[in-house]
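The values are calculated or read from the model by the stated rules, or taken from the named source; none is laboratory data. Please read these numbers as outputs of a predicted model, since none were measured by experiment. So basically every Cβ, Gly included, is an ideal-geometry build from the backbone, and we count neighbours across all protein chains shown. Protein only, heavy atoms only, side chains kept; ligands, DNA and RNA dropped before computing areas. Shrake-Rupley method; radii C 1.70, N 1.55, O 1.52, S 1.80 Å.
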Amino acid sequence: MEKEEELQESSTPCLHLVSAFLACESPDFVISFARDFGGGSITERVQSFIWNVCINKSDVNCNLPYLKRFLKRLIVEIESNGDVVLDELYEKYMYCLSYVKDDELAKGSTRMLRRFSFLFPKDCSQASRCQIFRKLEVTLQCSLNMLEGDTGCSIWPSGLFLSEFILSFPEVFSDKCCLEVGSGVGLVGVCLAQANCSKIILTDGDLSTLANMKLNLELNQLAADMLGQTQKTNTLQCLYLPWESAAENGLREFMPDIVLGADVIYDPLCLPQLVRVLAILLKREDPNLHHLNNGCKDYCSPDWRCLESKETSSAGDLDVYVSKEEINGDPRAEHLSPGLGQEPVAYIASVIRTIDTFNYFLSLAEKEKLIVSDITEMMKPLDLLPYVKSYQRSSVRMFKISYLCK
């Protein structure tokens, strides 16, 4: 067993195999890593590794439906190559058959534990962008019913991208008060906790999502105040924040330095409320802040435009205006993060599903005097989830939003 653990830490195929299994990636994806590990086939040595390191060492009883699908696919793969299947794998599959019904995954309430391992490169050339740990594991209870009323408890590509962004540029968030809108499963919050934020406020407009988020924070040894009561030792809060009924006075009390959001620009019906909330959070009424920020010259530029309507929704075809300050400046400079007395900024990661919906968001933002800049190409995060093949990083855009000062 000790040799297998050492192999997992030193071998990239082994590390990816284990990480993909714990993240409950598609069985086909996991098996492809197992095949690579075995040099083209899943040998008895590879099977033994899967049994000892993946199945026996993880709490698989929480994910029996997934384990059933994985073992079925694994056994078929081994037998189709004429190889012998380990007895332990057969026995575990029979156990799953006894306890998991065929329609288990079709139930709307099905939840599973997924463990995402953010893998930091050993030889990162930019030491400031890498954490002291090589691997950060985040355990999340999430839903398998992504499209039918349980979206807040699902894992979305933009949430993974925003998490990679935070862990790649921790200096942007260090010592800052950060507020996330539509926090979902709480993945971004866990990553913010690794960036030494002064305060983290996670919000969502669905009470069941908040309850699941609180559970996920506890799974990752993070205590959250669900009532919003300030405590000296508490820097993380989970708050119920429905955008449509959020009071302006209440929002102004938060005073965050950085606002974050992942996949919140998709429902046209919710966009007016979202933009209103962003405008209130990003606008500072205190005239002293304007003086300290020299008129917000670092953040404000009136020259930006909406996208022209196109047939395709491919992110690569987008042409979002980027301010001159961002083009000419160092993309990793302190301009990305507000300093003392500077106006707050928002970082919104989103998959652009329809151009019309995004143009609607831009038009609403313009009316609220918000500047939207695409910083995806200039601020590329490290690829910390190389084994998550279901995650298409290229489909996600990162937008920086700031308030246009007069």
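Summing charges over neighbours of Gly159, with a neighbour being any other residue whose Cβ is under 13 Å away from its Cβ, gives -2 when K and R count +1 and D and E count -1. Between amide H atoms placed 1.01 Å from N, distances below 5 Å from Lys199 occur with Lys176, Cys177, Cys178, all of them 5 or more places distant or on a separate chain.
Here the accessible area of the stretch 18-77 is 49 percent carbon and sulfur, with a 1.4 angstrom probe and all protein chains present. Highest mean packing comes first when the peptides 190-198, 374-382, 159-167, 247-255 are listed by Cβ atoms within 10 Å, giving 159-167, 190-198, 374-382, 247-255.
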